[in-house]
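The structure under discussion appears below in the form of structure tokens.
The values are calculated or read from the model by the stated rules, or taken from the named source; none is laboratory data. Bear in mind the structure is a predicted one, so any value in this text is a computation, not a measurement. Here the Cβ positions follow ideal geometry from the backbone for every residue, glycine too, while neighbour counts run over all protein chains shown. These area figures cover heavy atoms from the full protein model, side chains too; ligands, DNA and RNA do not enter into them. Shrake-Rupley method; radii C 1.70, N 1.55, O 1.52, S 1.80 Å.
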Amino acid sequence: MGLLLLLTYSLLSCYLQAGGVVTAQLQRSFTIRGITLSIEPSNDVTRDTNVTLRCQAVVSSLGEEALSREYTIFKDGNRVYSKTSSSSEDLLYPLPQARVSNSGKYKCKINIGGKEETSSVQKLTVTGLSKPVLHLNNDVVREGEEIAARCTAPGETGSIFFYFYKDSKEILERQVSSNQAEAKLHLSNVGSHKIHCDYIVFALPDSFKSNGSDPTTVSVKELSITPVLEIFPQYKIYEGDQLTISCSITNFQDKPENIQLFLSQGTNILSLGESKVNHSMVALAKDPGEFECRLEMGKFAKAATKTVSVTELFSVPTLTLSPAEVFQKENMTLTCRSESYASERLSKEELTFALDPPQSHLMLKGPGVFYGRVLKSDFNYTCVAQAKGIVKHSRTLTVRPKVSVSIPNISVVGQAVLHQSVKILCKSDIGSLPINYTLLKDSAEVSTISIKLPFQQALFTVTITHPAEISKFICEAKNSHKKAPLSKRLNATVIVPLTHPTLTVIPDIAEISEGDHLFLICGVDGTPPVIFTWYRVGNQQPVHNTTSNTNHSNYQVPLLSKEHADNYYCEAVNHANNVVRSDPVIIEVRMALWKKVLIGGFCLLTGAVLVVVLVLCFKSKRGKREAASELSVKPSSPKSDDSNPPITVNLTHDTEVFNADTVRVDKAAVSVWSKRPAESADDEESSLESNEPDVEYTEVVHPQPADPERAPLKKGTDTVYSELQNSPHGAADHHDYGSVEYAELNGEQPEINHHHPEVNTYQDLPEPVD
């Protein structure tokens with residue numbers, strides 16, 4: 001058994017695989033090149049035209065083997081026809097004697113071996129409907145009877161709506177799926193009536209309406225049966241009178257079937273029956289005065305009506321309040337009155353008034369007059385008038401006691417800014433609306449605002465011209481005849497806009513140095529608090545800001561440096577929101593004093609070091625200067641045996657002799673300050689360091705003379721000064737200022753020989769020092 005199943009499964013698999021191969025080969029052996037749908041003879045035709053839909057497919061294939069083609073016709077998206085064919089001929093779908101219901105959008109689809117193609121949509125429009133035919137089962141009927149009607153649309157199909165008309169007025173509608181509709185028509189009005197029908201065929205999305213049928217005349221005859229309404233008494237009916245009403249039928253020979261009588265007053269049914277109905281009641285003026293006796297027999301109905309006029313014994317009372325506006329705990333008066341009464345039936349004393357429900361807080365002051373104190377809350381009152389069993393109620397009167405307005409509060413909304421619009425609010429904590437608020441200035445009325453709704457506010461707009469003016473305003477509140485309470489005087493701060501901004505610098509601008517404490521003080525005129533902001537010119541970011549409760553504030557820089565040098569200004573703003581700016585101030589930071597002292601000391605030290613260096617250089621070159629100076633010592637007389645022979649001293653400068661003196665000196669060392677000879681180029685730098693001429697002094701020290709014959713010399717040394725002034729341009733000076741020697745030997749001045757008469761001798765030299 002298992003082997004048989006396995007064999008069957010294998011054969012089936014082979015068959016399916018073979019079929020798949022065949023199908024795949026079949027799909028590869030043809031192609032659908034296109035499919036088109038056409039409507040013949042035209043897309044727009046009239047009724048009863050024979051229409052044909054032609055579906056034409058173009059298919060290319062290998063060989064001559066016939067292909068199985070499946071055609072499908074769609075109308076408005078719904079399949080209406082299918083056919084399978086192996087022929088290559090076009091598919092024809094006939095629509096004989098086309099009707100409006102055949103109108104729609106058509107398309108054709110072909111399927112060959114799983115390949116599908118669909119044509120484009122073609123729209124068919126059929127115009128013209130058949131004329132409807134109306135048939136009635138009777139053309140003469142009595143009131144209340146019905147007739148059977150049938151309307152037919154010959155040859156039409158589809159979804160059809162039928163309409164029935166009486167005297168051109170639509171009375172009935174029927175929707176059917178066939179071409180005819182039946183209906184029962186009820187004709188209630190006596191006389192002749194024209195009946196006809198028509199229909200509409202729906203071919204979505206369009207609809208088509210037919211012409212009307214030929215009208216049929218129907219006669220409706222009146223029934224002899226009539227309802228009768230009788231009311232007693234018939235005249236001069238007053239409130240409280242007893243009324244007797246009857247409803248019956250007349251003018252009928254045989255008792256009709258399914259007859260019903262209804263006796264009603266307005267919309268209220270008083271009684272009902274089959275042949276006669278009676279009803280008794282008390283006449284009231286407030287009730288509707290129209291009565292009806294109605295006869296119904298199936299769908300037939302007939303009615304008789306009468307209107308009864310009832311005279312009032314007294315009018316409906318009215319309840320009034322005095323005074324019109326009352327306040328809590330005040331007295332009030334309620335008055336109940338009937339404006340009119342039938343004096344021929346009723347005396348004034350018979351009419352009584354009362355409150356419903358009775359009120360203990362009110363006393364009866366007179367007929368219909370009630371007096372008492374107003375309650376704290378709202379209360380409803382109703383007046384009841386009564387006479388001869390007739391009771392009438394007034395409309396409900398709601399007494400809403402008002403609350404006297406409290407002393408108003410006056411305040412400024414927002415801020416009060418000088419010379420700007422200021423909003424002043426007047427408000428009482430309690431008080432019934434409406435409240436009239438009046439703004440006063442020095443007892444003179446400025447303006448009045450009436451508050452009628454809870455969300456309204458009494459806002460007054462004024463302009464303050466000087467700060468003290470704000471206290472002149474007061475507010476008055478009034479909601480009754482009583483004296484209006486007054487508020488206190490307005491107490492508010494008037495903000496004065498900022499003016500005259502200044503930026504003050506401490507210390508004085510000329511004395512600002514590095515390391516100082518700098519204060520930039522910004523000051524304004526106006527009302528604090530003030531927000532001060534300091535800026536550097538050209539920089540949008542502030543360097544400092546602060547809020548001050550005074551008219552000035554400062555920005556401090558603890559330790560000034562060169563980086564703080566700049567142009568500064570300040571801005572200020574208060575609650576008036578006007579920004580003012582000061583003029584810019586230039587801050588220049590000078591060098592600190594200790595730096596000046598340090599630099600001066602450094603310069604002095606540098607000068608001292610330079611002097612020392614020059615002195616050392618001078619001593620190192622002294623030998624060279626002495627070698628350059630020719631100093632000759634010769635005995636004045638070779639034969640003299642003087643122990644201290646005279647010495648001839650020749651002082652030369654650049655091989656020129658300035659002085660040649662013969663003096664007698666001791667055999668001791670001689671110290672000579674002589675004019676320095678022209679230095680080499682190495683010494684030029686030292687000579688260029690100063691524009692002042694260099695002065696050199698040569699000191700010649702003579703020991704005390706040993707000759708006793710000579711006058712005794714002064715103790716110490718004799719000093720000879722020779723001043724040499726060099727040109728600042730070096731040795732090549734065009735002016736040789738010569739030399740001056742002072743010799744003090746034994747109190748006598750030696751002669752000074754000048755070998756250069758052209759040289760000017762300066763006499764303002766330093767005094768010699770002992």
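Return yes when LEU172 is in a strand (DSSP E or B), aliphatic (A, V, I, L, M), open to solvent by 30 Å² or more (accessible area, probe 1.4 Å) and under 12 Å from ILE195 (Cα atoms) and no when it is not. Taking the combined requirement at face value, the residue satisfies it.
Please give the strands (runs of 3 or more DSSP E) falling wholly within segment 549-655 in which 2 or more residues are at pLDDT below 80 and out of contact with any helix residue (DSSP H, G or I) (no Cβ under 7 Å at 6 or more places or on another chain). Talk me through it step by step, then tell me what you get.
On the way: elements: 552-557, 566-573, 585-587, 646-653.
The qualifying strands (runs of 3 or more DSSP E) are 646-653.
For segment 402-429, how many residues meet the condition of being of a type in the set (Gly, Ala, Ser) and over 12 Å from VAL494 (Cα atoms)? Write out each step before concluding.
Residues of segment 402-429 of a type in the set (Gly, Ala, Ser): 404, 406, 411, 414, 416, 421, 428.
Filter once more, keeping what is over 12 Å from VAL494 (Cα atoms): 404, 406, 411, 428.
Selection size over segment 402-429: 4.
Among the residues of segment 124-158, those identified as open to solvent by 40 Å² or more (accessible area, probe 1.4 Å), touching a residue at least 40 places away in the same chain (Cβ under 8 Å) and polar (S, T, N, Q) are THR127, ASN138, THR157. Filter segment 268-302 down to the residues that are acidic (Asp, Glu) and within 23 Å of LEU313 (Cβ to Cβ), then identify the one that is least open to solvent (accessible area, probe 1.4 Å). Restricting to residues being acidic (Asp, Glu) and within 23 Å of LEU313 (Cβ to Cβ), the top hit is ASP287.
If I ask for residues that are at pLDDT 90 or above, more than 30 Å from ASN102 (Cβ to Cβ) and not basic (Lys, Arg), which ones from segment 180-202 would you list? Those that are at pLDDT 90 or above, more than 30 Å from ASN102 (Cβ to Cβ) and not basic (Lys, Arg): SER192, HIS193, ILE195. Just one of the listed residues (ILE531, ILE512, ILE521) is over 33 Å from the mean Cα position of the chain (by Cα) and touching a residue at least 40 places away in the same chain (Cβ under 8 Å), and it is ILE512.
Of everything in segment 57-106, what is open to solvent by 70 Å² or more (accessible area, probe 1.4 Å), under 60 Å from the mean Cα position of the chain (by Cα) and under 14 Å from ILE39 (Cβ atoms)? Give them in sequence order. Passing the criteria: only LYS105. Taking (1) in a strand (DSSP E or B); (2) open to solvent by less than 50 Å² (accessible area, probe 1.4 Å); (3) over 21 Å from LYS299 (Cβ atoms) in turn, VAL218 satisfies each apart from (3).
In segment 457-469, what count of residues is obtained for those that are assigned to a loop (DSSP other than H, G, I, E, B) and open to solvent by 70 Å² or more (accessible area, probe 1.4 Å)? Qualifying residue count, segment 457-469: 3.
One residue stands out in segment 354-385 among those that are among the hydrophobic types (A, V, I, L, M, F, W, C) and in contact with a Phe, Trp or Tyr (Cβ under 8 Å, 6 or more places away or on another chain): the one that is farthest from PHE327 (Cα to Cα), namely ALA385.
Looking at segment 472-497, which of its residues are assigned to a loop (DSSP other than H, G, I, E, B) and open to solvent by 70 Å² or more (accessible area, probe 1.4 Å)?
So in segment 472-497, the residues assigned to a loop (DSSP other than H, G, I, E, B) come out as 479-485, 487-493, 496-497.
Correct list: HIS481, LYS482, LYS483, LYS488, ARG489, ASN491, THR493.
Kindly establish whether ILE424 is among the aliphatic types (A, V, I, L, M), out of contact with any helix residue (DSSP H, G or I) (no Cβ under 6 Å at 6 or more places or on another chain) and at negative phi. Yes: the conditions hold for ILE424.
Being touching a strand residue (DSSP E or B) at 6+ places or on another chain (Cβ under 8 Å) and among the β-branched types (Val, Ile, Thr), is that true of even one residue in segment 594-602? Full working, then the answer.
The initial filter retains those residues of segment 594-602 that are touching a strand residue (DSSP E or B) at 6+ places or on another chain (Cβ under 8 Å), namely none.
No, the conditions are met nowhere in segment 594-602.
Across segment 569-620, the number of residues qualifying as farther than 30 Å from THR527 by Cα, of a type in the set (Gly, Ala, Ser) and open to solvent by less than 60 Å² (accessible area, probe 1.4 Å) comes to 5. Look at (1) in contact (Cβ under 8 Å) with a residue 40 or more places away in the chain; (2) under 36 Å from the mean Cα position of the chain (by Cα); (3) in a strand (DSSP E or B) and you find that ALA385 fails only one, number (2).
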